[in-house]
Amino acid sequence: MAHLNGSSDGNFRVIGTRPIRHDGVEKVTGQALYGADYSMPGMLYGKVLRSPHAHAKIKSIRIDKALKHPGVHAVITGADFPEVKGVMAQVGELVVNTHYLSLNVMARDKVLYDGHPVAAVAATSKHIAEEALELIEVDYELLPPVMTAEEAMKPDAPILLPELRSRFIAHRTDPGSPEGPDRPTNVAAHIQFQRGDLEAGFKSADFIVEREYRTATVHQGYIEPQNALAIYNPDGHITIYCSTQGSFNVRTLTASILGLSEGMIRVVPAEIGGGFGGKTTVYLEPLAVLLSKKSGRPVKLTMTRSEVLRATGPTSGTKIRVKLGATRQGKITAAEVWMAYEAGAFPGSPFAPGAMTTLGPYHIENLKIDSFDVVVNRPKVAAYRAPGSPASAFACETALDEVAEKCGIDPLELRLRNASHEGTPQPAGPPFKKIGYIETVEAIKNSDHYRSELIGKNRGRGVASGFWFNGGLQSSATVNVHTDGTISVVTGSVDIGGTRAAMAMIAAEVLGLNVTDVRPIVTDTDAIGHTDVTGGSRIALATGLAVYDAAHDALRQLKQRAAKLWEKQPEEVQFKNGVFTASGENAAPLTLKELASRLARTGGPVTGRATVNAGAVGAVGNAFATVCVDVEVDPETGKVQILRATIAQDAGRAIHPSYVEGQMQGGLAQGLGWALSEEYVYDERGVLRNTSLLDYRMPTCLDLPPIETIVVEVPNPSHPLGVRGVGEVSIVPPMAAVANAIYRAVGVRMRELPMSPPRLLKELMRKQGTSVEQQAAAAD
Amino acid sequence: MATVIIPAQLRKLTGGKDRVKAKGRNVRQLIEDLDRQFPGFSEQLLQDGDVKPSIAVSIDGEMGTGGVLEPVGEDSEVFFLPALGGGRENPGG
């Protein structure tokens, strides 16, 4: 690891070490319980009937035959859902419209994508439930689908949601002029950031690079499909077991969709087989609750892989235009970026964070960014690792590579000449606090990888950088001191990336314990204070802060107990290396274990508690990463092989370096899949054609080289441990790094994702002045 | 008085000015003063008496989470931004 600006070496006893994770044995022996593992006496199995059409009116639904089918206990449709008033609600890191969320969970009068739920059944077996689905009769009136932002923004495009009006958008853009045109639109929202004098900036440039880019819809690809088991008690209390990144999110959203009080719902988060942002909302939970209420029995639903791909939220496909002006010395004088993000069937794409992060690594005085949220007949998108940023970075970081080439300077040097630092305004305006972007570029520049020579035909090396805000939000923690001197650390943060270990390490550090003396627990919504989602790279930072404070609260109480034993004042008690001491007589030093055994006689158990809103206390630190990739292109097939990949990322301070490295490698691996092979393929009717992982091609270990990591540590000055979020920014740079490497390998600039063999081969043929068909004929 | 940086979408309200002065010890008072000077700000920024969920407030480089209760300093620099997850108001639902 590279330790910069305040090394932690020697300052910590536990933080920075690599202990074995506490939940490791349960997971490798198969004892850990995932959502689909839960079972209850008398439990029914639910299945969902989904629309086979991308866009259609529902004229009628008949469920009587399904209800009469032996073994069927309940059938629900949109008619069973209450009308939900459309309000924007802050739910964890998301802002959601509860009206549209309800329509996404179950269609009412219209289906808006292939896979949209139209009914659900609960029966005594999965097979009976599947049979019953075939007995439900739905009469559709087909409507033309609109599948891309470009099509959807045309004036004569088919309209998905009649209530979206252009007058409203115009009013947002120009609130002083409410009398705009009033016609239906698929553009749900527009945002603009502008500073400086764009015209003057471009005028002062020696040259301009202006390009257009397209990125595909891609899925998070978590290995565990969504699932939910609901138990509706006769007294109205509800328990839900499910795979989620945010149990409190599930509670809030389910209550909102079903018109219930949150206090009536208890959500128990199961172990989670990946989420990457995709499990921050609800799909099955409200259906399971309604089916359980109707049947009077527990009901479990589990999605198939096909359902996951068709009907859960992937991330947006985009269309992006970039215009950069620069001097021959490599100074960027102006930038203009236009972006359209496909939201899927309902508003709410990451168009705003995309705009707020694009070009974030650079100080550009004259800047204009426009970003649009556009509805299309695809599944409603969900968060995916640094939502919005990877697509805009692909466009801008590829255009920057062209700027470096025109200037004749090293691409990393170009980045350093324009790099953001403390005080630089972000694209949205506020200045950066202390950040480590430059350090990530220098770490790559000085890496063995970048300094090595790349030899061989059709091989090339590319670099790119990325920025992500990171989240703060709310967390709660409890530290229970047991009579043997061990402790348990209780939080509500679902453990996706090894955060149990990180929480245990923080508590052990504060209380002078071995990490094996700490048992980290993830509990349910009734057993801990409000805790927002495991998302936004916020758990080590925000829940870590709550654990840090709760451990200090326990320590404060323990000092009081030691003082009581010694008949001294608490402020006379010292604590160092796990031992309580005080000067004077009758104050023999006590270890925490010795003191813990005497808690009963000094006032009873000790429990430390803390709640935080990490944003409110300004603890959030921004994240940057820079990536270097070597590729080899097969000019016969267009296939790209990744030869070597290195990522440098600012972690602030790595609590458990192995899990930080894991996040860096995971994000980069996902980015390589996004770059080369992953995309939703729809036919002309808007039906998804690649609904299995055989056809939706994610990278496997055979596709990837070992990914080298350089953990840069520029401590976050706003956090007591210097922590920055580490979970997301690693996915931002890889696509552009690969595109830039391909250019250096074969001289072709790729501006559309994925850079799959057919697409790259086409560009290679175009460069050679031939076509694929001509080449095939020549081969014959 | 605090300096408020006006987002591009709201500059029509300020006659094109990208930054204006406003007084207030917290965000509520600041928005009230903005609305007095440039009518329309409250409608754009508030919902049910608090800052709209789709809007985040940055004060002196920190993303505030206290909504209208967020303190504002005498010389603070205030930005109104989209909330992290994006989103929009729903005109019809």
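The values are calculated or read from the model by the stated rules, or taken from the named source; none is laboratory data. Model, not experiment: these values are computed from the prediction. Ideal geometry is used to build each Cβ from the backbone, glycine not excepted, and the neighbour counts take in all protein chains shown.
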Q.
Based on this model, can you work out whether A:ILE647 counts as of a type in the set (Val, Ile, Thr), more than 14 Å from chain B (Cβ to nearest Cβ) and surrounded by 24 or more Cβ atoms within 10 Å (Cβ to Cβ)?
A. yes
Q.
With the requirement that a residue be farther than 23 Å from A:ASP197 by Cβ and among the small types (Gly, Ala, Ser), what does region A:333-372 give you?
A. A:ALA340, A:ALA343, A:GLY344, A:ALA345, A:GLY348, A:SER349, A:ALA352, A:GLY354
Q. Among (1) farther than 27 Å from A:GLU422 by Cα; (2) under 17 Å from the mean Cα position of the chain (by Cα), where does A:ALA340 come up short?
A. (2)
Q: Could you please let me know if A:SER756 is touching a Leu at 6+ places or on another chain (Cβ under 8 Å) and farther than 24 Å from A:GLY615 by Cα?
A: yes
Q. Regarding A:GLN663, is this residue crowded, with 21+ Cβ neighbours inside 10 Å, more than 14 Å from chain B (Cβ to nearest Cβ) and assigned to a helix (DSSP H, G or I)?
A. yes
**Q.** Given (1) over 30 Å from A:MET735 (Cβ atoms); (2) part of a strand (DSSP E or B), number of the condition A:TYR213 does not satisfy
**A.** (1)
**Q.** Elements of type helices (runs of 4 or more DSSP H) contained in region A:431-532, each with 1 or more residues being farther than 30 Å from A:ALA739 by Cβ
**A.** A:499-511
Q. For residues in region A:160-176 being surrounded by fewer than 18 Cβ atoms within 10 Å (Cβ to Cβ) and more than 7 Å from every other protein chain (Cβ to nearest Cβ), which is modelled with the lowest pLDDT?
A. A:ARG167
Q: Name every residue in region A:351-367 that is within 14 Å of chain B (Cβ to nearest Cβ) and either within 25 Å of A:ILE438 (Cβ to Cβ) or in a loop (DSSP other than H, G, I, E, B) (or both), in order of residue number.
A: A:PRO353, A:GLY354, A:ALA355, A:MET356, A:THR357, A:THR358, A:GLY360, A:GLU365, A:ASN366, A:LEU367
Q: Could you check A:GLY615 against (1) at pLDDT 95 or above; (2) under 30 Å from A:VAL375 (Cβ atoms); (3) not acidic (Asp, Glu) and say which number it fails?
A: (1)
Q) Among the residues of region B:16-69, how many are at pLDDT 90 or above and of a type in the set (Gly, Ala, Ser)? A) 4
Q: Mind counting the residues in region A:684-715 that are in a loop (DSSP other than H, G, I, E, B), touching a helix residue (DSSP H, G or I) at 6+ places or on another chain (Cβ under 8 Å) and not aromatic (Phe, Trp, Tyr)?
A: 10
Q) Mind checking which residues of region A:40-57 are charged (D, E, K, R) and closer than 20 Å to A:ALA230 by Cβ? A) A:LYS47, A:ARG50
Q.
Just to verify a result, which residue in region A:210-233, among those that are surrounded by fewer than 19 Cβ atoms within 10 Å (Cβ to Cβ) and in contact (Cβ under 8 Å) with a residue 60 or more places away in the chain, is farthest from A:ASP695 (Cα to Cα)?
A. A:GLU210
(Q) It is to be established whether one or more residues within region A:189-207 are in a strand (DSSP E or B), under 29 Å from A:GLY313 (Cβ atoms), in contact with a strand residue (DSSP E or B) (Cβ under 8 Å, 6 or more places away or on another chain) and at pLDDT 95 or above. (A) no
**Q.** Those strands (runs of 3 or more DSSP E) lying entirely in region A:32-109 with at least 3 residues out of contact with any Asp or Glu (no Cβ under 6 Å at 6 or more places or on another chain)
**A.** A:44-50, A:72-77, A:88-91, A:94-97
(Q) For region A:228-245, which positions are assigned to a strand (DSSP E or B) and β-branched (Val, Ile, Thr)? (A) A:ILE231, A:ILE238, A:THR239, A:ILE240
Q: Give the number of residues within region B:70-93 that are outside any loop (DSSP other than H, G, I, E, B), at pLDDT 90 or above and surrounded by fewer than 22 Cβ atoms within 10 Å (Cβ to Cβ).
A: 2
Q.
Can you tell me which of (1) in contact with a helix residue (DSSP H, G or I) (Cβ under 8 Å, 6 or more places away or on another chain); (2) closer than 28 Å to A:ARG766 by Cα is the one A:VAL627 doesn't meet?
A. (2)
Q) Out of all the residues in region B:35-69, which are assigned to a helix (DSSP H, G or I) and either within 10 Å of chain A (Cβ to nearest Cβ) or touching a strand residue (DSSP E or B) at 6+ places or on another chain (Cβ under 8 Å) (or both)? A) B:GLN37, B:PHE41, B:GLU43, B:GLN44, B:LEU45, B:GLY67, B:VAL68, B:LEU69
Q: Would you tally the residues in region A:132-158 being under 35 Å from the mean Cα position of the chain (by Cα), in a loop (DSSP other than H, G, I, E, B) and aliphatic (A, V, I, L, M)?
A: 5
Q | Every pair of residues 6+ apart whose Cβ atoms lie under 7 Å, when the first sits in region A:124-136 and is among the hydrophobic types (A, V, I, L, M, F, W, C) while the second is buried (at least 20 other Cβ atoms within 10 Å of the Cβ) and in a helix (DSSP H, G or I) | A | A:ALA132/A:ALA66; A:LEU135/A:ALA66; A:ILE136/A:ALA66
Q) Is it fair to say B:GLU32 is among the charged types (D, E, K, R), within 12 Å of chain A (Cβ to nearest Cβ), without any contact (Cβ under 8 Å) to a residue 12 or more places away in the chain and not in a loop (DSSP other than H, G, I, E, B)? A) no
Q: Among the residues of region A:305-339, write down those that are over 19 Å from A:TRP468 (Cα atoms), in contact with a helix residue (DSSP H, G or I) (Cβ under 7 Å, 6 or more places away or on another chain) and within 14 Å of another protein chain (Cβ to nearest Cβ).
A: A:GLU336
Q) Take the residues of region A:116-131 that are in a strand (DSSP E or B) and under 34 Å from the mean Cα position of the chain (by Cα): which is farthest from A:PRO52 (Cα to Cα)? A) A:ALA122
